[in-house]
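Following: one structure in structure tokens, then a few remarks.
What follows draws every value from the coordinates through simple rules; no lab data is involved. Since this is a predicted model, take the numbers as computed values, not measurements. Here Cβ is always computed from backbone atoms with ideal geometry, including for glycine, and neighbour counts include all displayed protein chains.
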Amino acid sequence: MHNDFDQFDAPWPDLDGKTILVTGGTGSFGRAFIRVVLEKFSPKRLVVFSRDELKQYEMEQEFSGPESLSMRYFIGDVRDLGRLEMAMQNVDVVIHAAALKHVPAAEYNPFECVHTNVIGAENVVKAALRCGVDRVVALSTDKAASPLNLYGASKLASDKIFIGGNYLSAGKGPRFSVVRYGNVLGSRGSVVPYFEKLLAEGADYLPITDERMTRFWITLRQGVNFVLSSLEMMHGGEIFVPKIPSTKITDIARVIAPDLPTKVIGIRPGEKLHEIMITTDDARNTLSLKDRYAITPSLTFWHPEIHNFEGAEAVADDFSFSSETSERLADEQITQMLAAPRK
């Protein structure tokens, strides 16, 4: 297992002089991605596409140095195809990070979840095809594999839409790939800031949904690095999955508050005990690389040999990648990840 991957081994693309658009650009991932791109490259334009004017205003104050002169802010929703097409004019690379991600909220508001996560994905693909974008990488989630909840099912549909976009471009237009990883440690909505909030408020215990529960974890910077390296190595049609460790939720609670007891409160609607990122049924199409897996498309777009990554090996037919059986983080590794930057 490749635990030390603040910098993934695969090279990054050269984004100097490129125009990049990030949907959901004011979210945790979008802000971190844009920060790295501005640190490492000199893009022609860096377009933040999101629907929250307050977050865009706050982002303008945060990114105010001379390197931010390439930034552009588009208020828009991925549900609006016309606005996406307007924003994607002369864009080279699209990173699709916009989504409704809260599991219980998706269960309670199913139409809204589908409109953003499924119809929104279709709109991004259509706009990229019509505007002649070069590459598109869509962010997915471990909940999209063998989904139990609507959020996971909507992201599975989104994954299929992006992979299917390659049939429409037929090797002559945009290339579409997906990155799938687990929970981002410390991001908005994750258990870590929730536990920290409870501690700050003087809680006398930390709530645990189930003592057996496990989750995959990745830091925000690791997620950005993984997306950038996948953007460089993609041929089109792959779902890239990082070889990341997992931990029990009780281990997270113990490291954050070693002297505080926990209390089991029960699993929330739509929640799994363990997450899975690659199912056994996907194993026949999965390649193992040094620091990641690549699930190749079950149908060939043009030539199957395009997915011949250097050093890739086919996984066993009974392979699966689950948080229940993957390598576990040690306490010191959890502490190190908790100290990582969260923006």
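So for region 29-80, taking the charge dipole from beta-carbon charges (+1 Lys/Arg, -1 Asp/Glu), which of PRO43, PHE63, TYR73 sits furthest toward the positive end?
Farthest towards the positive end: PRO43.
Using R₀ = 35 Å, calculate the FRET efficiency as 1/(1 + (r/R₀)^6) where r is the Cβ-Cβ separation of GLU107 and ARG45; round to 0.05. Walk me through the numbers on the way to the answer.
Details: r = 38 Å, r/R0 = 1.09.
My answer for the efficiency is 0.40.
For region 197-299, take the convex hull of the Cα atoms, compute a quarter of its surface area, and give me that in nm², please.
Working: hull surface 35.4 nm².
Approximately 8.9 nm², given one-decimal rounding.
For region 255-343, what does the relative contact order come out to in percent, with C-alpha contacts under 8 Å and a separation of six or more?
35
Just want to confirm a number: the relative contact order over the chain, from Cα pairs under 8 angstrom separated by 6+ residues, in percent.
On the way: 687 pairs, mean separation 63.3, N = 343.
Computed value for the chain: 18 percent relative contact order.
How many nm separate the modelled label positions at GLN333 and ASP281, each set 7 Å beyond the Cα in the direction of the Cβ?
A separation of 3.0 nm, rounded to one decimal place.
Sort 327-336, 216-225 by the packing proxy (mean of other Cβ within 10 Å over each peptide's residues), most packed first.
On the way: 327-336: 14.9, 216-225: 22.6.
Packing proxy ranking, top to bottom: 216-225, 327-336.
Let me spell out the model: positive unit charges on the Cβ of Lys and Arg, negative unit charges on the Cβ of Asp and Glu, origin at the Cα centre of region 138-202. What dipole size does that give, in debye rounded to 20?
Dipole of region 138-202, to the nearest 20 debye: 340 debye.
Apply the Karplus parameterisation 6.51 cos²θ - 1.76 cosθ + 1.60, with θ equal to phi minus 60°, to every residue of region 109-121 and state each ³J(HN,Hα) to the nearest whole Hz, in sequence, with x for glycine and proline.
For region 109-121, the Karplus curve yields 10, x, 4, 5, 4, 5, 4, 7, 7, 9, 5, x, 4 Hz.
Which Cα, out of LEU289, ASN225, MET337, lies furthest along the positive dipole direction of the chain (beta carbon charges, K/R +1, D/E -1)?
Sorting the options by dipole projection puts first ASN225.
What ratio of Cα Rg to 2.2 N^0.38 Å holds for region 67-127? Mind showing how you got there, number by number?
Working: Rg = 13.4 Å, N = 61, 2.2 N^0.38 = 10.5 Å.
Working it through for region 67-127, the quotient is 1.28.
May I ask for the net charge around TRP12, where only other residues with Cβ less than 10 Å from the Cβ of TRP12 are counted and Lys, Arg are +1 while Asp, Glu are -1? Write out the running numbers ahead of the final one.
Working: positive: LYS40; negative: ASP14, GLU232.
Local net charge: -1.
Would you mind working out the magnitude of the charge dipole of the chain relative to its Cα centre, with +1 at each Lys and Arg C-beta and -1 at each Asp and Glu C-beta, to the nearest 20 Debye?
Details: 38 positive and 45 negative charges, 167 e Å.
Value, rounded to 20: 800 debye.
How would you classify region 29-138 from its alpha-carbon gyration tensor, with a ≥ b ≥ c the square roots of the eigenvalues: rounded for a/c under 1.5, else prolate if a/b is greater than b/c, otherwise oblate? Kindly include the intermediate steps, with their values, before the conclusion.
Working: a/c = 2.07, a/b = 1.36, b/c = 1.52.
It is oblate, given that a/c is not under 1.5 and a/b is not larger than b/c.
To the nearest 0.05, how large is the calculated FRET efficiency for MET86 and GLU211 if R₀ is 56 Å and r is the Cβ-Cβ distance?
Details: r = 50 Å, r/R0 = 0.90.
Step by step, r from the Cβ atoms, then E = 0.65.
Over region 1-119, what relative contact order in percent results from Cα pairs under 8 Å that are six or more residues apart? It would help to have the intermediate numbers written out before the result.
Details: 151 pairs, mean separation 34.9, N = 119.
In percent, rounded to a whole number, it is 29.
Where is the GNM fluctuation largest for the chain (alpha-carbon springs, 10 angstrom cutoff): PRO13, PRO207, PRO261?
PRO261
Return the distance in nm (one decimal) between the two label points of a simple spin-label model at LEU299 and LEU273, each offset 7 Å from Cα along Cα→Cβ.
Taking the two extended label points, one gets 3.7 nm.
Rg over Rh of the chain, using C-alpha atoms and the Kirkwood radius, what does it come to?
Values: Rg = 19.5 Å, Rh = 20.5 Å.
With Rh from the inverse mean 1/r over Cα pairs, Rg/Rh is 0.95.
With only Lys, Arg, Asp and Glu charged, each at its Cβ (+1 for the first two, -1 for the last two), find how big the charge dipole of region 136-270 is about the Cα centre; round to the nearest 20 debye. All intermediate terms of the calculation are to be shown ahead of the outcome.
On the way: 16 positive and 11 negative charges, 83 e Å.
For this selection, approximately 400 debye.
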